[in-house]
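Here you go, one structure.
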Amino acid sequence: MKVLVVGGWGMLGSDLVAHLRSAGHDVMAPPRSVLDIASPESVAEVALGKYAAEWCINCAAYTAVDKAEIEPDIANEINGLAPGYLARACAMSGSRLLHVSTDFVFDGSSDAPYDEEAPTHPLGAYARSKLAGEHAVLASLSTAVIVRTAWLYGPNGSSFPRTMIRAWEAGKTLRVVDDQVGCPTYTADLARTLGDLIALDPAPGIYHAVGPESMTWRRFAELTLAAWRTVRGDGREVNIVSIATEDYPTPAKRPKSSVLSVAKLQGLGVAPMRPVAVSLAEFCQRVGNSQEPV
């Protein structure tokens, strides 16, 4: 298929572009300087057919969760309004749109995994902007698909595992929140999942796609450093201090438990993602082989 990836330079987008091309798809991934979805004039080129494709996948987003609290208008422009521009452009060009969203649309008060029909209740400016983007997409394009994911990490950008590795290598004391629960999701695994999903030509609507295990940030840190030590052959001891959310205050509130159910996606026949330890081993190998500093 011919696929347009918006945000193909980012952490998820770069892995998605690589996966789709390896699967034989004809992929367009213009840089932000060429296609900026926050610019109606730029997005108009999609509407006019410059990027004619069967699928458009939007990975572009404002992801500075805490910074959004002091610049909510910018977050909303990119996450809330821009997806609507893109959806309307796809409606005019005939492309289907897959828009990537987040677990932050939920408040985390449920002990059970959230399915796609669960009531949303965003807690902060970033979360509100992402939910606004979902609404804009669904209102503008009847064939659109939204995929919510969570705790995303990959070697081509900033992520929690990279932060943990950098801090440990620097000899810092690791104090990690141990009372928030979610599903770590590796960009390469999510890229494969998105590729499988568009190949199925799924019904419009919302789908959840996350890693197969739920855990706290502390447990995620433990698994990350275990994988990193294996890759580096480093036998130094790891000491991680568990802290509560209240001990690490942030401008934006985080959901206490944002575990997402993937039953709907797997009901289509999409295979589960790999176990976190397996994906982290690959992540650490890629980071370790990179020419860039950790």
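Read-outs throughout are calculated quantities, based only on the coordinates presented, and are distinct from any laboratory measurement. Because the structure is a prediction, the values reported are computed rather than measured. No Cβ is skipped: glycine too gets one built from the backbone with ideal geometry, and neighbour counts run over all protein chains shown.
Between GLU45 and THR120, what is the spin-label point distance in nm, taking each point 7 Å from the Cα along the Cα→C-beta axis?
Taking the two extended label points, one gets 2.9 nm.
For the chain, calculate the relative contact order in percent as a whole number, restricting contacts to Cα pairs under 8 Å that are 6 or more residues apart.
Value for the chain: 21 percent.
While we're here: Quick check: the distance between the Cα centres of segment 201-231 and segment 61-106, to the nearest angstrom?
23
Then there is this: For each pair in LYS67/LYS172; LYS2/LYS130; LYS67/LYS130; LYS2/LYS50; LYS130/LYS256, compute the distance between the two Cα atoms and list the pairs where it is over 20 Å.
Those over the limit are LYS67/LYS172; LYS2/LYS130.
Still on this structure: Can you tell me what percent of all Cα-Cα pairs in segment 156-239 are more than 21 Å apart?
42
Just the number, please: Stokes-Einstein D of segment 1-118 in µm²/s, Kirkwood Rh from C-alpha pairs, 37 °C, 0.692 mPa s.
The Stokes-Einstein estimate is 215 µm²/s.
Can I ask one more? When you count, for each residue, the other Cβ atoms within 10 Å and take the mean per peptide, how do 238-245, 6-13, 118-125 rank with the highest first?
Most protected by this proxy first, the peptides run 6-13, 118-125, 238-245.
With each pseudo-label sitting 7 Å past Cα toward Cβ, what's the ILE243-ASP26 distance in nm, one decimal?
Roughly 5.3 nm, to one decimal.
Summarise the long-distance tail of P(r) for segment 176-294 by giving the % of C-alpha pairs beyond 18 Å.
61
Restricting things to alpha carbons, find the Rg to Rh ratio for segment 234-294 using the Kirkwood radius for Rh.
1.08
Share of Cα-Cα pairs in the chain beyond 23 Å, in percent?
55
On the Cα set of segment 128-178, report Rg and Dmax in Å, please.
17.4, 52
So, one more: Quickly rank 191-199, 97-105 as a protection proxy: mean count of other C-beta atoms within 10 Å, highest first.
Highest-to-lowest ranking by the protection proxy: 97-105, 191-199.
Which distance in nm do the two modelled labels at ASP111 and GLU77 give, with both placed 7 Å along the Cα-to-Cβ direction?
4.5
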